[in-house]
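A.B. asks: Mind looking over this structure? Questions follow.
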Amino acid sequence: MVEKVIIIGSGPAGYTAAIYAYRDGLDPLLIKGFEAGGQLMLTSAVENFPGFSSILGPDLMEKLYQHAKGLGCRMIDGNVSKVDFSVYPYKLFVDQEQYETYSVVIATGASAKWLGLPNEKRLMGKGVSGCAVCDGFFFKNKDVIVVGGGDSAMEDASYLANMVKSVTVVHRRDSFKASKIMQEKVLNDKRIRVLWNSEVVDILGDTKVSGASVKDLKTGSISKIPVEGVFIAIGHKPNTDVFRGQIDIDKDGYINTNGFTKTSKEGVFCAGDVQDRVYKQAVIAAGWGCMAAMEARKFLAEKKII
Ligand code: NDP
């Protein structure tokens with residue numbers, strides 16, 4: 001059997017694509033992937049997804065899953081290990097199983113990079129966050145650290161400075177990687193201090209974050225900084241390794257598109273963080289999922305497959 005559309009990924013983009021594709025009569029098959037539910041599974045309260053004044057990230061993903069499943073979308077728990085877009089219908093492999101499809105929506109998302117400290121994982125959602133826009137609100141009048149020296153760290157620091165008590169940017173070098181204009185915004189903001197040549201070596205706290213141990217890389221001395229929030233902004237890695245050589249992917253791993261979900265391969269569309277290096281928001285990923293499903297439908301109709 002050749003599928004009309006296979007959707008890869010089960011974050012907001014993937015489930016939204018599935019809901020639209022199903023309602024459009026495409027009988028989509030969704031392959032959930034290793035990190036089923038995507039980045040929201042690592043988030044605590046989500047207060048910026050329209051329609052929900054406050055909902056836990058995993059609960060929101062369960063609702064999206066139930067919506068797609070309730071309609072009748074078929075789903076597979078596995079991970080796509082290989083694709084072949086050089087033949088048509090396209091071939092996808094999930095473990096040993098092979099699938100054929102006339103169109104594909106790639107919604108495999110991106111994974112935030114983390115420092116890799118044991119307490120970082122333990123205190124995730126309890127003061128450790130990878131998204132200032134999502135979680136900043138919970139740190140009103142509290143002291144926080146932002147780790148990183150790129151545009152994300154600058155944007156997070158500037159955003160947080162408007163609501164928290166103090167922001168300390170901890171960066172491992174003596175200059176920022178960020179664009180000049182975003183650096184200047186941070187450096188000229190009296191509410192933000194920068195610790196240069198410094199590294200967070202531990203995050204402190206039992207049930208929630210109470211501080212961070214920061215190492216001065218020049219002297220080797222370690223000091224404890226009392227903070228209630230640690231925002232990690234050291235970049236994201238799009239989950240695109242399996243598509244390398246099959247579609248155009250930029251040097252950072254993001255999929256190159258024509259701006260409207262079309263990849264370099266006809267009939268292969270993408271949605272969500274896998275192609276979004278700027279916004280990285282669940283509601284936007286969901287919107288991309290809708291667009292990709294509509295584009296897939298248009299493509300299948302033009303090909304006279306539906
Ligand atoms: P970047 O890769 O640009 O920057 C990552 C930063 O984190 C670097 O300063 C890096 O240090 C630091 N870092 C990486 N790993 C570690 C580690 N293990 N420990 C400590 N520090 C670490 O990622 P961004 O997310 O900032 O940006 C990604 C892309 O998205 C960029 O192209 C950026 O321009 C874009 N972007 C644009 C925005 C906008 O235009 N509004 C907003 C946000 C992002 P070092 O400098 O030493 O390498």
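A.B. asks: Could you tell me which residue of region 138-195 is farthest from the ligand (Cβ to nearest atom), considering only residues that are under 19 Å from VAL227 (Cβ atoms), of a type in the set (S, T, N, Q) and in a helix (DSSP H, G or I)?
C.D. replies: In this case the residue turns out to be SER158.
A.B. asks: Let me ask you something else. Find the strands (runs of 3 or more DSSP E) located wholly in region 224-306 whose residues include 1 or more that are aromatic (Phe, Trp, Tyr) and farther than 30 Å from ASP206 by Cβ, and list them.
C.D. replies: Answer list for region 224-306: 268-270.
A.B. asks: Could you list all residues from region 168-206 that are in contact with a strand residue (DSSP E or B) (Cβ under 6 Å, 6 or more places away or on another chain) and more than 25 Å from PRO118 (Cβ to Cβ)?
C.D. replies: VAL186, ILE192, ARG193, VAL194
A.B. asks: Can you confirm whether LYS215 is within 16 Å of the ligand (Cβ to nearest atom) and either assigned to a helix (DSSP H, G or I) or at positive phi (or both)? Can you show your working first?
C.D. replies: Details: within 16 Å of the ligand (Cβ to nearest atom): yes; either assigned to a helix (DSSP H, G or I) or at positive phi (or both): no.
Answer is no for this residue.
A.B. asks: I'd like the residue in region 94-123 that is more than 16 Å from the ligand (Cβ to nearest atom) and over 23 Å from THR261 (Cβ atoms) and, out of all such residues, is surrounded by the fewest Cβ atoms within 10 Å (Cβ to Cβ).
C.D. replies: GLN96
A.B. asks: Across region 70-89, what is the number of residues that are within 18 Å of VAL5 (Cβ to Cβ), crowded, with 16+ Cβ neighbours inside 10 Å and in contact with a helix residue (DSSP H, G or I) (Cβ under 9 Å, 6 or more places away or on another chain)?
C.D. replies: 5
A.B. asks: With the condition kept exactly as written, say whether any residue in region 43-51 is modelled with pLDDT under 95, buried (at least 22 other Cβ atoms within 10 Å of the Cβ) and among the small types (Gly, Ala, Ser).
C.D. replies: Checking region 43-51: not a single residue is modelled with pLDDT under 95, buried (at least 22 other Cβ atoms within 10 Å of the Cβ) and among the small types (Gly, Ala, Ser).
The values are calculated or read from the model by the stated rules, or taken from the named source; none is laboratory data. Bear in mind that the values here come from a model prediction, so they are computed numbers and not experimental data. Cβ sites come from the backbone with ideal geometry, for glycine too, and all protein chains shown count toward neighbours.
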